[in-house]
Amino acid sequence: MSDFFSIDGNRLIRRYDSENLWIEPWGENSLRVRATNEAAVEQEDWALLAQTALTAKIEINGDTASITNGRIRAVVSAGGKITFFNQNNKVLLEEFVRNRNNLKEFCSSLNIDSREFKPIIGGDYQLTLRFESDPEEKIFGMGQYQHPYLNLKNCTLELAQRNSQASVPFALSSLGYGFLWNNPGIGSVTFGKNITEWKAFSTKQLDYWITAGDTPAEIEEAYAGATGTVPMMPDYGMGFWQCKLRYQTQEELLTVAREYRRRGLPIDVIVIDYFHWVKQGDWNFDRDYWPDPEGMVRELKEMGIELMVSVWPTVDKTCDNYAEMLQKGYLVRTERGLRTTMDFLGDTVFYDPTNPEARDFVWKIVKKNYYDAGIHTFWLDVAEPEYSVYDFENYRYHLGPNVRIGNIYPLMYAKTFFDGMRQAGQNNIVNLLRCAWAGSQRYGALVWSGDIDSSFKSLRNQFKAGLNMGLAGIPWWTTDIGGFHGGDPEDPKFRECIIRWFQYGAFCPVFRLHGDRVPAGEPLGTSGGGMCYSGAPNEVWSYGEEAYEIFKKYMLIRENLRPYISGLMKEAHEKGTPPMRPLFYDFPADAGTWDIDDQYMFGPDILVAPVLYEGERKRRVYLPEGAYWTETGTGRTFEGGTWIESEAPLDTLPLFVKNNAGIKIL
């Protein structure tokens, strides 16, 4: 036995100086690594689900040790450096060490450790974890970032939640591993050419999970097994969702719903956006503008339409619930200055979903005022939460400082409603959120890409964001079709943009139209739900006859694909498979697919090549090896492994179906 290493069940332990290092199996072909300079390792699982005991092979050979779990093996050197191998003895990931601790390894006088705990005087540690970088590696996942990159190699990412940014720190590597940074604190990661470096600005310990797989699908399924899968999407989630900023009255919303039905258009969900309440923190309708919620829900259900209602986590200091929530400790605190965390249409503070009592308090009000009226799906907006000032170190939650645990806020926000709805007897739960963290999917989180620009440039960013969100383990994802900020329905340039976005949206996991169109409408009053303006019309008939016919075409295509989409949602529920994914997910052996970042697979049989640039009427398309492909519309058939040029007039989205898949698009 070594002076450094010991074994506790299936756990390999290394003690050196103040560091206590644990490596243990956590799911098939996977290991969890924890390390701390505190007196004991914390037992909080964060994103990970508890695992049943697994049999690992642990070997200690003098001053080195190894632990093997299926296809993955970790070797810890005499100096404490960890290297991960797959079943073929190929290095997957290797810690970056530049010191003189072990002369048998590469010796350096730089004095840089792989695991650096830099004490914050009087408190936690600033943690840095370093790995060697393979310049040829490709990295995907990590959530949703507003940039034009699918492959994240050579990118630096902020590990923090913002409006339109969702940090979901799971990376899928072309080298055959998946890596979860199981730390909800604010930080950053750099996937550099010379080094990979993870940082947490304030934490008590290191915690990450790594898995090995021969294909991206194997890695993704292992990750879903470790963090959970989405529920089964309800039938009403698979069709078309109508929304705008914002329906101001009950009669306006019902008029729109009736018009969809009069035109014979398929519609599954219609949405009531924010400030349908009197004050933030009421979690109730303003009856001046929404006089009969029960009757509204009843009429919509008779039309076969589900109602979704927006909920914000903000609590106005003058609302009826503020005093009680303050007294009971249910609100986010500030370390300095006034206790205000958002100042939009009121002086407000966020409720604290990391406090289980606060979750119960909010749900009981929501259940009474919405759920019991028949509203069984919610739009959980401002889920980051969206601080008026993103001074992360200035906010404190029930579970600790925001800088240490803040990225978990959207997960706990989703859990508030998921637990309540499950307790009420609902199983197929889907709620729309503007943010997520690792594990949010198991609480029925459908994430959208936030308040984004209405432009082709923004569309290209969302294209990459959606694929990376799916690979980060969040299979339910959508955008505001046409973008959120701006867009004039009378502007020909914007009409082209929203047509192309709508075509793409028909092949996203959720097909949803939303946006704050211009010019804005006037507020209806000076108080309550009347004080907030509305955007311009945003229904499918709002953009002229040409656009309307194209929209109708793709709404009917989506409707025709319901059985296929239902199968994709079942796979997401059972295995964590993202409905939309890069080409390499289904064709990993085709090296060319790993570099394609403007096409994707919608399920295993439909290849989608959206038009992402203004004025484009044709585009090049790569058809992966291993299949024959038929171009919808033209009926042309091609052997895989080739580039072709596809015509793309304004009414046409280039689509290709695997031969013998038995799918009819139109």
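The values are calculated or read from the model by the stated rules, or taken from the named source; none is laboratory data. Nothing here was measured: the structure is a model prediction, and the numbers come from that model. Here the Cβ positions follow ideal geometry from the backbone for every residue, glycine too, while neighbour counts run over all protein chains shown. Just the protein is used for accessible areas: all its heavy atoms, side chains included, with ligands, DNA and RNA removed. Shrake-Rupley method; radii C 1.70, N 1.55, O 1.52, S 1.80 Å.
Details
- Taking the criterion of being part of a loop (DSSP other than H, G, I, E, B) and over 22 Å from MET555 (Cβ atoms), the residues of the stretch 639-660 that qualify are GLY640, GLY641, ASN659, ASN660.
- Those residues of the stretch 404-421 which are in contact with a Lys or Arg (Cβ under 9 Å, 6 or more places away or on another chain) and more than 15 Å from TYR351 (Cα to Cα), in sequence order: ARG404, PHE418, ASP419, GLY420, MET421
- Within the stretch 573-616, the set of residues being farther than 12 Å from LYS658 by Cβ, touching a residue at least 24 places away in the same chain (Cβ under 8 Å) and touching a strand residue (DSSP E or B) at 6+ places or on another chain (Cβ under 7 Å) comprises PRO579, MET580, ARG581, PRO582, LEU583, TYR585, GLY592, ILE596, TYR600, VAL608, ALA609, VAL611.
- Selection status of THR577, more than 24 Å from THR215 (Cα to Cα), part of a loop (DSSP other than H, G, I, E, B), open to solvent by less than 60 Å² (accessible area, probe 1.4 Å) and polar (S, T, N, Q): no
- Comparison of GLY529, GLY521, GLY535 shows that the only residue that is open to solvent by less than 10 Å² (accessible area, probe 1.4 Å), modelled with pLDDT under 95 and not acidic (Asp, Glu) is GLY529.
- Helices (runs of 4 or more DSSP H) wholly inside the stretch 200-302 containing at least 1 residues that are open to solvent by 10 Å² or more (accessible area, probe 1.4 Å) and of a type in the set (S, T, N, Q): 250-262
- Of all the numbered requirements in (1) open to solvent by 20 Å² or more (accessible area, probe 1.4 Å); (2) in contact with a strand residue (DSSP E or B) (Cβ under 8 Å, 6 or more places away or on another chain); (3) assigned to a loop (DSSP other than H, G, I, E, B), GLY122 misses one, and that requirement is (2).
- Note on the stretch 403-424: residues that are part of a helix (DSSP H, G or I) and out of contact with any Ser or Thr (no Cβ under 8 Å at 6 or more places or on another chain) amount to 11.
- In the stretch 222-245, the residues that are touching a residue at least 12 places away in the same chain (Cβ under 8 Å) and within 17 Å of TYR564 (Cβ to Cβ) reach residues that are open to solvent by less than 10 Å² (accessible area, probe 1.4 Å) and in a helix (DSSP H, G or I) with C-beta atoms within less than 7 angstrom, at least six apart or across chains, in these pairs: MET232/MET569; MET233/MET569; MET238/ILE565; MET238/MET569; GLY239/ARG558; PHE240/MET555; PHE240/ARG558.
- Selection status of GLY529, part of a loop (DSSP other than H, G, I, E, B) and farther than 20 Å from ARG262 by Cα: no
- Scope the stretch 159-199; condition in a strand (DSSP E or B), open to solvent by 10 Å² or more (accessible area, probe 1.4 Å) and closer than 22 Å to TYR395 by Cα; matching residues: ARG162, GLN165, SER188, LYS199
- Any hit, the stretch 81-101, residues being in contact (Cβ under 8 Å) with a residue 40 or more places away in the chain, within 32 Å of the chain's Cα centre (by Cα) and at positive phi: no
- Among the residues of the stretch 425-442, at least one is in contact with a helix residue (DSSP H, G or I) (Cβ under 8 Å, 6 or more places away or on another chain), open to solvent by 10 Å² or more (accessible area, probe 1.4 Å) and not in a loop (DSSP other than H, G, I, E, B).
- Qualifying residue in the stretch 86-102 (condition: outside any strand (DSSP E or B) and of a type in the set (A, V, I, L, M)): yes
- Strands (runs of 3 or more DSSP E) wholly inside the stretch 303-402 that include at least 1 residues being in contact (Cβ under 8 Å) with a residue 12 or more places away in the chain and among the β-branched types (Val, Ile, Thr): 306-311, 314-316, 348-350
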